[in-house]
There are 4 protein chains.
Amino acid sequence: MLRFGILGAGRIGNVHARAIAASGRASVGYIADAVPEAAASLAGVVGARTASVADVIAASDVDAILIATPTDTHADLIEEAARAGKAILCEKPVSLSVPRIEACLDVVEKSGVPLMIGFHRRYDPHFAALESRLRAGEIGDPEIITITCRDPSAPPVSYIARSGGLYRDMMIHDFDMARFLLGGEEIAVVHALGGVMTDPEIGRAGDIDTAAVHMQTASGKIVVITNSRRATYGHDQRIEVHGSRGLLRAANIHNTTVELANERGWTGDMIPFSFVERYQAAYTAEIHKFLDFLEKGEAPRASGHDGLMAQKLAEAASTSLTTGEAVRI
Amino acid sequence: MLRFGILGAGRIGNVHARAIAASGRASVGYIADAVPEAAASLAGVVGARTASVADVIAASDVDAILIATPTDTHADLIEEAARAGKAILCEKPVSLSVPRIEACLDVVEKSGVPLMIGFHRRYDPHFAALESRLRAGEIGDPEIITITCRDPSAPPVSYIARSGGLYRDMMIHDFDMARFLLGGEEIAVVHALGGVMTDPEIGRAGDIDTAAVHMQTASGKIVVITNSRRATYGHDQRIEVHGSRGLLRAANIHNTTVELANERGWTGDMIPFSFVERYQAAYTAEIHKFLDFLEKGEAPRASGHDGLMAQKLAEAASTSLTTGEAVRI
Amino acid sequence: MLRFGILGAGRIGNVHARAIAASGRASVGYIADAVPEAAASLAGVVGARTASVADVIAASDVDAILIATPTDTHADLIEEAARAGKAILCEKPVSLSVPRIEACLDVVEKSGVPLMIGFHRRYDPHFAALESRLRAGEIGDPEIITITCRDPSAPPVSYIARSGGLYRDMMIHDFDMARFLLGGEEIAVVHALGGVMTDPEIGRAGDIDTAAVHMQTASGKIVVITNSRRATYGHDQRIEVHGSRGLLRAANIHNTTVELANERGWTGDMIPFSFVERYQAAYTAEIHKFLDFLEKGEAPRASGHDGLMAQKLAEAASTSLTTGEAVRI
Amino acid sequence: MLRFGILGAGRIGNVHARAIAASGRASVGYIADAVPEAAASLAGVVGARTASVADVIAASDVDAILIATPTDTHADLIEEAARAGKAILCEKPVSLSVPRIEACLDVVEKSGVPLMIGFHRRYDPHFAALESRLRAGEIGDPEIITITCRDPSAPPVSYIARSGGLYRDMMIHDFDMARFLLGGEEIAVVHALGGVMTDPEIGRAGDIDTAAVHMQTASGKIVVITNSRRATYGHDQRIEVHGSRGLLRAANIHNTTVELANERGWTGDMIPFSFVERYQAAYTAEIHKFLDFLEKGEAPRASGHDGLMAQKLAEAASTSLTTGEAVRI
């Protein structure tokens, strides 16, 4: 059974470690975290030992490194793990800097280790089913892709200040989803709008909280994305593809199917507020797809190149917001 | 009972004339059309007489002129009717030229006659209810407005060639809807994308058939619009407003509530394919609101100024498509 | 244009008279009502004259009699109109007594006049579409039919006391719908449950307000009906047919498609509370089908025989409630 | 960590054993099955050993016995486990014979061991949420409860022949759900309809495949249940409660939220066909609730008494079908 070393025992490290432990196909050998108590606590849950980052990467009984540390450490850790010959599953993004990503992917390529990027939405059963039906031709060619993503509430302003901004931190998932749905055709032009609508503190930190980006491929396919850092009604996650022969859409999932009717109308249940809850099945599927990649040689659904290309779109959107002009790629 | 003279007995002239006849509050006195048979046929249905355009406008027993002729005649006819002291309900647009609209509105203003523009969607019970609940504060301030409009199929290319292009001919309704939902705050910047995806003939005629526009107000409110000239699934008409305290959306209406479940899934009924069918209730309500405007002095839901402003947005979108750059208004 | 004489200017007489006046295919000549003001008021709306019941029936310029008077007068009026050679559209039921219905239908048959019974739900676009798709074989043979009918609130107890009871007054529509959906196969056995849950006054008047009936045909097809006199959420009207190859159902219609999402969930709009509002389109279609019956010879969707058979089922249910036992027909 | 001995390694034994192994709160010690390969295979999956039924029950390192053997062995095995002092989680039903259940429950009571019956639907997140909101008073008093249960296809006729019939084998779950939703008020009268619509072989085996039961409590509350052994559209599982202040319903869950729109309508995804898939979350929750019962002393959501009462309703329905008359309890 393949053994993981996990770097980072925060919220997302927890999600991954538990998914691995419950997979029945792999185990967690070691956990490293800057906060020893966090590492120890998670290690206890998944039956692993704690160790330093360097020791985890070097450990001879570790086959794969899962990187769930702060963003600014990702590229260095990927390179170290690559040099140590480990398979790598890294949370997005590889880096906030496109050149840094390129350099890092060079190291990975030279080392020949398998690398997969944690764009978990590609593994969501609903979105994955939509993509697969789109690829099967159910609606012909995609022509207009609409991606809606709204978070219940913003992360702390301290986090936002070093996040690289909404496009790189939040919309990055939608850029990746757009590319996933386009199925190989790349974006040629990007125009971005953004504003501060939910919290002036976010503006003072140099970021926006409400945004729209629309983009187009060379053949004319259009992608429209909207984001907000605040939605009173939950973690709003929808995709819709208008194609030449029909429309496919994936709606929000609701906590239960229970509906109440009374003199105020017909009220369906809430949708999840936490991304962990919303994407539980996606995180589980992601681990299995990573194992399929390593064990069966199936192509990773999100490669290092995908990580790079999403980052380039985020970069273009950031530039567009600053200049007010469209950016050609 | 107020009496109408109707100019134009085509599809939309028919819709209006029948709505007037069934209103119980007004009647159709005269119908004029370049095709005498068309005028006669409609006159028969609604109990009116036929006459020339000039005679209809001049008729002493006509209180209001409904203009449903080709677009390039609207401004002239409005001016003639205004000079004759008639109340006017004119189909959109007043003109494809912004300066021509401004000149025309001047004439109307000087003549002091009531003028209402036929943006029928403002009268749709679903959209009107959404707007009214938005105004009532149910979701706080609007932050992201998403408008989806797709037609089952394109009009003849001959029509498209002289239509002013998709933004002026089709998206004009969505520009107006955006302004209706914004409730007074005007758009400051517009960026447009467009392509030819459904029929190369449309491209050869100098137009596009698939388009996205996003826009922003000075305070940061965002509007996202997508259009397609071809939707296999019907006349797709949806609006959604994400606000500071929640979300309001109006979905498509289906022909019936009947649903079929079998080994292929759970299939709801089609949505209407014809805008006449989709907006039946809207056209009826529009006539009543025009009568309320004339008889009770209620402000028209869509004024000449609204017609002008929507045209300016269509103009900006057309410019943006040509230059590839955002247009500030 | 065919001319109607209308007997009864109450709520349902109003609905019918207005539908006739708006049909474009028939007019209302006379209106009779025990309350002269009611007759006069409705006559003013639809452009008719008032007259006594006898005079309306005798009028040589009346082609069809629409009976919308209190139930206990229906059978007598049908017979009088039949003897006067008029076509008849009579609100359900012909009579609360099965033998009286049979005698009345004999008179009609001998007179040879056309008779249609006002089971408006057969003309509802949603239910009619379901029935038509069922007949077309979309789900094979029907096996379990579920009919849900709940009223927002009970009529006055004074009305209930002489209504014949819930099965004859309210569930009669569902008995007819069951027969409509069964398409010719008759019910063989009926068992009824009932209770007083909403208002003890209804119990003191000798009736129930909450009821379930299930029934079976000789071949085994099952029909399940539930009724309540009180639903806080509106006029609940649903049908569902489980068949050998699938399921067809018609859901409630909502006032608008507007949905609100916030921290309390996702709330769809109310459904209509008034049956007039809910069945507006059905009443219009009913008039047209009656005219098709008279003018084109199309079989009436609900005949006198249908009125008789629904009454027999109501009778059986009433007996079952009293005895506690199933009733074989 | 509490250790289970599992009797029966068939489909449902598998479901439970895996749920226990994945619970993180208990383990599977032993598995017994008449087919040694089945026991060995499941034991391999969950890390248990195989043993004879007697040895599992006697094992000193087993705390709880999960009984998933054929129905006719349940009562004997419960008694043996009770005498051995083990906690018991037994699949429904305890026995097809009401007196045998009563005798068995006596033994359990005297032995003082904890017993829970495997009515898994009480643990389904959707149904449990509905029940909990009903108990919280969201719709006032329940007045009409509608339970819909349809299986994609019938079990083998050989199974049906010794199943005790549809009411005891299939509708038993709905009888239990009815009692769960009624919250303590017992059924006073039962009337059953049934027929053979899907497969004449089922009729030849002495059973029915299509059924309706309606029931009433002493205070007048009504329960309506329909069942079919064949639904082309999946494992149809719905409940609805009409109450004095509103309506609560739990709809089917669909495999994904993906919807396709094209010229055939708007098609939502299938619902699960397998009860294992449909009730995955319910089976997991059931194990946790059993552990809460043992470890925290929480009352079991379905007790031996609940098993007895559901069986009495199945008995009454069977009698009603035979006699054609209502059965008072």
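Points worth noting:
- Rounded, prolate or oblate (a/c below 1.5 giving rounded, otherwise prolate when a/b exceeds b/c) for the protein assembly as shown by Cα gyration tensor: oblate
- Restriction of the trypsin sites (Lys or Arg not before Pro) in the stretch B:149-213 to DSSP coil positions whose beta-carbon has at most 15 other beta-carbons within 10 angstrom yields B:Arg162.
- The stretch D:249-329 shape via C-alpha gyration tensor axes, a/c threshold 1.5: oblate
- Radius of gyration over Kirkwood radius for the stretch D:2-113, both on Cα atoms: the Rg/Rh ratio is 0.96.
- Area projected by the alpha carbon convex hull of chain C, averaged over all directions, nm²: 18.3 nm²
- Net charge of neighbours whose Cβ lies under 9 Å from the Cβ of D:Leu166, counting Lys and Arg as +1 and Asp and Glu as -1: -1
- Net charge contributed by nearby residues that have their C-beta within less than 12 Å of A:Gly234 (K/R +1, D/E -1): 0
- GNM top mover of B:Arg238, B:Arg230, B:Arg11 - chain B, alpha-carbon springs below 10 Å: B:Arg11
- Residue among B:Gly164, B:Gly246, B:Gly118 with the largest mean-square fluctuation in a Gaussian network model of chain B, springs linking Cα atoms under 10 Å: B:Gly246
- Extending 7 Å from Cα along the Cβ direction at A:Arg11 and again at C:Thr73 yields two label points whose distance is 7.1 nm.
- Label 7 Å beyond Cα on the Cβ vector: D:Asp55 copy-to-copy distances, nm: 4.3, 10.3, 10.9
- Centroid-to-centroid separation of the stretch D:207-227 and the stretch C:61-117 [C-alpha atoms, Å]: 38 Å
- The rotation axis that maps chain C onto chain A passes nearest to the beta carbon of this chain C residue, listed with its distance in whole angstrom: C:Thr267, 2.
- Bridges between two residues of the protein assembly as shown, per DSSP, are antiparallel at a rate of about 60%.
- Comparing C:Ser303, C:Ser219, C:Ser274 in a Gaussian network model of chain C, where Cα atoms under 10 Å apart are tied by springs, the biggest mean-square fluctuation is seen for C:Ser219.
- DSSP beta bridges fully contained in chain D are about 55 percent antiparallel.
- Between the stretch D:272-323 and the stretch C:1-33, the Cα center-to-center distance that results, in Å: 58 Å
- Going by neighbour counts of Cβ atoms within 10 Å, the residues A:Met171, D:Met270, B:Met1, D:Met177 line up, fewest first, as B:Met1, D:Met270, D:Met177, A:Met171.
- Inter-copy separations for A:Pro200, label at 7 Å along Cα-Cβ, nm, ascending: 5.7, 6.2, 8.3
- Distances between copies of C:Gly44, taken at a point 7 Å out from Cα along the Cα→Cβ vector and listed shortest first: 3.6, 8.4, 9.0 nm.
- Of the trypsin sites (Lys or Arg not before Pro) found in the stretch D:249-329, none is in coil by DSSP with at most 13 other Cβ atoms within 10 Å of its Cβ.
- Going from the residue with the fewest nearby Cβ atoms within 10 Å to the one with the most, C:Lys92, A:Lys110, D:Lys221 rank A:Lys110, C:Lys92, D:Lys221.
- For D:Ser23, B:Ser153, C:Ser228, order by how many other beta-carbon atoms lie within 10 Å, fewest first: B:Ser153, D:Ser23, C:Ser228
- Within-10-Å neighbourhood charge of A:Ala310 [Cβ basis; K, R +1; D, E -1]: 0
Read the figures in this text as sums done on the coordinates, not as results from a lab. Owing to the predicted nature of the structure, the values given are computational and were not obtained by experimental measurement. Because the Cβ atoms are built from the backbone with ideal geometry, glycine has one as well, and the counts that use them run over all protein chains shown.
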